Amino acid sequence: MISESQIENFKITPFKITLKKDGLPKCSTRTTPGVITQRSCVYYGARWVLAPIKNTIHVVHGPVGCAYYGAYVRKKNYLTVSSDASEVDIIYGGEKKLFNTIIEAARELKGDAVFVYVTCPTALNGDDVEGICKKAEEILKIPVIPVYCPGFCGYHQSKGHEIGMKALFRLIDLDYENNIDNKKDDDNSKFTVNIIGEFDVADDLKAIKNLLNKLGIRVICTFTGDCNVKSIINSKKAELNLVHCRATGKYIADYMEEKYGIPQLKVSFFGITNTQKSLLDIGKFFGIEDEVVRLINEEYNKIKDELNFYLEKLEGKRVGIFMGGSKIGMLSGAFRDMGMEVVVVGSQFGSLEDYLEAYMNVDENTVLIDDASNIDLQLLMENKKPDIFVGGTKEKYLSLKVGIPFVSFPQDDYPFTGFIGFLNFARELYRNMYHPIWKMIKFNFPTMD
């Protein structure tokens with residue numbers, strides 16, 4: 001885990017784009033006016049965290065467009081309920097409509113908890129959302145939790161991640177009768193953990209759990225890729241919190257450490273080096289270092305023959321990265337394991353900690369960029385000429401348009417975590433980079449000269 005004191009030892013430039021040798025880019029600031037940003041709003045950041053929680057109801061207090069926007073999260077459609085606030089409700093108040101929406105949704109959908117999202121217009125019109133939630137909770141006898149996430153309360157979705165995670169404090173603190181999970185010996189698990197900041201894209205979580213299960217470690221709750229109200233309540237029974245995404249996971253990890261005394265450990269299962277180090281750190285905590293070493297050798301031997309073929313093809317290739325904050329450091333380390341050169345690394349909403357982690361894995365002339373626009377990315381692609389680009393859906397077609405092979409991250413089909421995930425990732429890079437189509441098309445890149 002990178003500390004604030006470590007960050008203070010590095011130069012932070014006044015610019016959003018810089019070379020590594022010149023320092024870290026300026027980040028966590030508002031988007032330059034007039035620039036078409038790749039960022040999402042704070043409300044969507046809260047949806048990103050809370051949407052996957054099973055058997056919960058999500059009421060969006062605002063215009064119906066907000067509910068529609070927040071329904072599609074991580075390439076999945078989730079059910080959302082809208083209070084459908086109209087102009088009249090914005091002017092005269094929409095408390096009655098919100099109350100009726102919560103009651104009707106809970107009775108029809110029968111969830112274990114209700115999250116009520118406050119959006120931009122309803123945050124300004126004076127509705128007593130907290131009071132409405134308390135009144136509804138008394139009637140429904142389930143938690144009704146307000147989530148104050150209007151788009152204007154932060155520069156980007158990262159603030160929404162914080163708000164969403166902190167909204168779960170109320171569930172963590174609950175203690176219903178018979179809620180304690182007694183599966184201590186049923187599955188031969190010797191140890192228990194929570195995973196915080198893992199969102200289970202394309203079975204990433206399954207690959208991580210498989211490794212932990214082989215060490216006799218059971219995951220009580222995964223915030224929030226695989227959890228429900230009961231597992232969140234039971235999470236305070238874990239012996240250790242594994243923080244997979246520090247940017248989103250630190251709030252719950254710090255809260256549980258302070259209130260319940262549960263220690264935390266920063267881990268990453270992207271890349272061979274990160275996976276090995278994380279497993280060894282976990283093994284050291286539980287006193288099972290020998291079992292971990294055996295597991296690492298077994299898992300690596302399963303993939304090494306096929307992996308070596310891809311690594312020979314990928315070594316020395318140039319790669320560009322642009323995506324969400326915490327993954328840039330993890331992936332830059334994975335590319336280092338592959339012998340690839342990262343020439344561009346950027347993020348929509350990365351923190352200084354994210355950029356410092358990436359900084360430590362790249363070369364002196366690597367470009368570091370925060371909150372890049374499409375024009376910024378196109379210029380970097382055309383002039384840095386990476387052999388492949390890794391990013392989200394927004395960057396995919398831009399990359400292909402300028403003739404650069406592309407790999408989506410978060411991925412579409414199979415896990416990229418753990419040993420098998422590293423093999424999948426290397427295979428995906430190889431398939432896209434060496435696809436026959438690139439021999440049939442020639443692109444002429446303009447230069448900045």
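List of remarks:
- The set of residues from segment 212-251 being out of contact with any Leu (no Cβ under 8 Å at 6 or more places or on another chain), at pLDDT 95 or above and of a type in the set (A, V, I, L, M, F, W, C) comprises Leu212, Ile217, Ile220, Cys221, Cys227, Ala238.
- Residue match in segment 41-55 (condition: within 28 Å of Ala253 (Cβ to Cβ), in the same structural domain as Lys141 (by TED's automatic domain parsing) and of a type in the set (Lys, Arg)): yes
- The numbered conditions (1) under 19 Å from the mean Cα position of the chain (by Cα); (2) over 28 Å from Gly333 (Cα atoms) are all true for Val229 except (1).
- Check on Tyr43, in contact (Cβ under 8 Å) with a residue 12 or more places away in the chain, surrounded by fewer than 24 Cβ atoms within 10 Å (Cβ to Cβ) and among the hydroxyl-bearing types (Ser, Thr, Tyr): no
- Set side by side, the residues Val293, Val344 differ, and just one is within 27 Å of Thr37 (Cβ to Cβ) and β-branched (Val, Ile, Thr), which is Val344.
- Condition met for Ala46 (in contact with a helix residue (DSSP H, G or I) (Cβ under 7 Å, 6 or more places away or on another chain) and either at positive phi or in a loop (DSSP other than H, G, I, E, B) (or both)): no
- The combined condition, being assigned to a helix (DSSP H, G or I), aliphatic (A, V, I, L, M) and touching a helix residue (DSSP H, G or I) at 6+ places or on another chain (Cβ under 9 Å), is not fulfilled by Ile220.
- Within segment 172-188, the presence of at least one residue that is modelled with pLDDT under 90, surrounded by fewer than 22 Cβ atoms within 10 Å (Cβ to Cβ), outside any helix (DSSP H, G or I) and of a type in the set (Phe, Trp, Tyr) is confirmed.
- Qualifying residue in segment 78-86 (condition: free of Cβ contacts under 8 Å to residues at least 24 places away in the same chain, outside any loop (DSSP other than H, G, I, E, B) and either surrounded by 13 or more Cβ atoms within 10 Å (Cβ to Cβ) or within 29 Å of the chain's Cα centre (by Cα) (or both)): yes
- Of the helices (runs of 4 or more DSSP H) lying entirely inside segment 328-441, the ones with 1 or more residues being closer than 22 Å to Phe270 by Cα are found at 352-359, 393-401, 418-433.
- Residue satisfying all of: in segment 112-143; at pLDDT 95 or above and part of a loop (DSSP other than H, G, I, E, B); farthest from Gly70 (Cα to Cα) among these: Lys141
- A single member of Asp354, Asp371 is among the charged types (D, E, K, R), touching a Lys or Arg at 6+ places or on another chain (Cβ under 7 Å) and within 24 Å of Gln157 (Cα to Cα), and it is Asp371.
- Check on Ala253, in contact with a helix residue (DSSP H, G or I) (Cβ under 9 Å, 6 or more places away or on another chain), in contact (Cβ under 8 Å) with a residue 60 or more places away in the chain and buried (at least 20 other Cβ atoms within 10 Å of the Cβ): no
- Cβ separations smaller than 7 Å between residues 6+ apart or across chains give the following pairs from segment 386-397 residues that are within 15 Å of Thr366 (Cβ to Cβ) and in the same structural domain as Val343 (by TED's automatic domain parsing) to residues that are outside any helix (DSSP H, G or I) and at pLDDT below 90: Val390/Phe409.
- Test: Ala67 is without any contact (Cβ under 8 Å) to a residue 60 or more places away in the chain, out of contact with any Pro (no Cβ under 6 Å at 6 or more places or on another chain), farther than 20 Å from Met323 by Cβ and surrounded by 20 or more Cβ atoms within 10 Å (Cβ to Cβ): yes
- Across segment 91-99, a minimum of one residue is classified as at pLDDT 90 or above, more than 31 Å from the chain's Cα centre (by Cα) and among the β-branched types (Val, Ile, Thr).
- Scanning segment 94-128 for residues that are of a type in the set (Val, Ile, Thr) and surrounded by fewer than 22 Cβ atoms within 10 Å (Cβ to Cβ) returns a single hit, Ile103.
- One residue from Cys149, Cys153, Cys133 being within 30 Å of Thr32 (Cβ to Cβ) and buried (at least 20 other Cβ atoms within 10 Å of the Cβ): Cys149
- Test: Gly403 is modelled with pLDDT of 85 or more and within 18 Å of the chain's Cα centre (by Cα): no
- Any hit, segment 271-287, residues being assigned to a strand (DSSP E or B) and at pLDDT 95 or above: no
The values are calculated or read from the model by the stated rules, or taken from the named source; none is laboratory data. As the structure is a prediction and not an experimental result, all values here were calculated from the model. Neighbour counts run over all protein chains shown; Cβ positions are idealised from the backbone, glycine included.
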